[in-house]
Amino acid sequence: MRLHKESMQDETQRKRQQWSDIFVQSSAAWTLLLVMAHQGIVAASSLFLTRTIETFQIGGAYRPYLLLYVVTMLVPYLPGCVSQVTLQQWINQAHRRFASRLASTAYGRVDKYHDSALRETVESVLSRNSFLAIKDYLTFIHAFMGFALNSALSMLVLSALLPGHLAGGYLASLALSLVLILILRRTIRRHSAKAENDFIRYSESLHRGWDNSTLGNRYNFEFWQLRCERDATQYYRQSNHLQWLKQGGNLLLAMIALLPTVYLMLAAIAGADPAPALVAAIIVNLTRVFHILGSLSALVYQMLDLSAMNARLRVLFDAERSLWKRSPFPDCPSGSITMNGAQVTDYRSAATTVCACDRGRFTVCGDNGAGKSTLLSTLKQRLGDDAILIPAQHGKLEWQHPGASCPRGKGPWRRWRKLLRRPLPATCYLTNGTRISIAAIGRPSANC
């Protein structure tokens, strides 16, 4: 029970770390401060414009207000542009942390190496989807903060200039919009997650294009085309359905946001003997009012889209979480395999034999699928960094010198030294080719 509780606490801590690596950044704080400065100055421009006209009408000193209005129209460009730079830094830092954490999580998970579905998902997320998903998410957060601050600050300014019941209409619009969001957000989140998973599946199919195209095998090429067509149709249908759903919600939000306030504003002007100052203030701020209402519509639409963006980010996190739990290796081979001619009955005994050897070479033989690769994976998991595992398909392994290839056969181990250009970093080399080879050079770690 205690181990289960500790495991749950560790998983919760890891989930918090996923989100903190996105948001707990110095560039994120600077971006927020710059957006607040930008929107605060923009909101103040309406106040200074209204004061300029009112002071001019009564013959007062309007030039200070006019100067402040001009300044508030020009200055916002500076924090606005700089916030775009800090946003890009935020995106880069968040992606760097995600990629580094995912690679660290995958390190040494030999038990997951032969899981082809997980491998395709992790490679797709790491090499293609993660940067775009994080960039879209943080760009959305940047725009969302701008809309939220613009709407709130502008309404505070106009509340000081216009009748209170107009602010009441705005709040009514906001309340109705929030109700609609609560109704639609779960549906949109579900469809967004499905669209993101369909996109990953489609990108995995496209990723197979090189082998299926360049080899010129008609059989493989046609089946690859069929798979791509199937996955493309599924993704395009789901993305179109999601967009129709979101835009239908956006249309309803626009109507909810505009109608109450427009009605109250027209009623104030059309009333009996409206005060000239009220009419002047409404006319001066008419464009601003509609801009605020448009911002409200955009704001609530962004809130609606937040569920979709969170769903995309969770798809990235889910790929990492798939690596958290270990998959146990079997205790014994599924078929008949031998090591230096001796029958291997269980992996633990075979690993003990290799680890007890000061130096030497072992050759593992057996049919395909008998368990030879599993034996190497078991040894690698047991030896850890004291072993280097070279799979049959090792073209993507990174070496000190590009283009270097893994030494095979019975050649002297100086070929390893020549390849690595440094002292040998391990005491055991596990190579998987036409024959499985295990070479121990120097006494392995005491962990054996």
Query raised in the report: If you stretched the chain out fully between Arg101 and Arg361, how much longer would it get, using 0.36 nm times the residue separation minus the C-alpha to C-alpha distance?
Result: 90.0 nm
Report task. Step through the table entries Lys15/Lys325; Lys112/Lys194; Lys112/Lys372, compare each Cα-Cα distance with 18 Å, and write down the pairs that go over it. Result -> Lys112/Lys194
Report summary line: The rounded separation in angstrom of the Cα centers of the stretch 72-121 and the stretch 319-386 is 36
Requested in this report: Send over the Kirkwood Rh of the stretch 303-390, from the inverse of the averaged 1/r over different Cα pairs, rounded to one decimal Å.
Outcome: 15.8
Report summary line: Per the charge dipole of the stretch 5-108 (beta-carbon charges, Lys/Arg positive, Asp/Glu negative, Cα centre), the residue among Val71, Ala94, Ala61 reaching farthest to the positive end is Ala94
Query raised in the report: Taking 0.36 nm per intervening residue step and subtracting the Cα-Cα distance, what contour gain separates Tyr77 from Ser116 on full extension?
Result: 9.1 nm
Query raised in the report: Can you list the residues of the stretch 190-221 with backbone N under 19 Å from a point 7 Å past the Cα of Leu132, pointing along Cα to Cβ?
Result: 191-210
Query raised in the report: Given Ala195, Ser177, Ser205, which one lies farthest toward the positive end of the charge dipole of the stretch 170-238, if we put +1 on the Cβ of every Lys and Arg and -1 on the Cβ of every Asp and Glu?
Result: Ser177
Query raised in the report: Mind ordering 372-382, 99-109 by average Cβ neighbours within 10 Å, highest first?
Result: 372-382, 99-109
**Report entry** Segment Asn310-Asp211, length gained on full extension (0.36 nm per residue, minus Cα span)
**Finding:** 32.2 nm
Query raised in the report: Which of the peptides 114-126, 222-234 is most tightly packed, and how do the rest follow, judged by the mean count of other Cβ atoms within 10 Å per residue?
Result: 114-126, 222-234
Report summary line: Where a ≥ b ≥ c are root eigenvalues of the Cα gyration tensor, a/c under 1.5 meaning rounded, otherwise prolate if a/b exceeds b/c and oblate otherwise, the stretch 1-82 counts as prolate
Report task. Using a 10 Å cut-off on Cβ atoms, rank the peptides 180-186, 54-60 from the highest mean neighbour count down. Result -> 180-186, 54-60
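Computed from the coordinates by the stated procedures, all read-outs in this text should not be read as laboratory data. Quantities reported herein were computed from a predicted structural model and do not represent experimental measurements. Quick reminder, even Gly has a Cβ in these numbers, built from the backbone with ideal geometry, and neighbours come from all protein chains shown.
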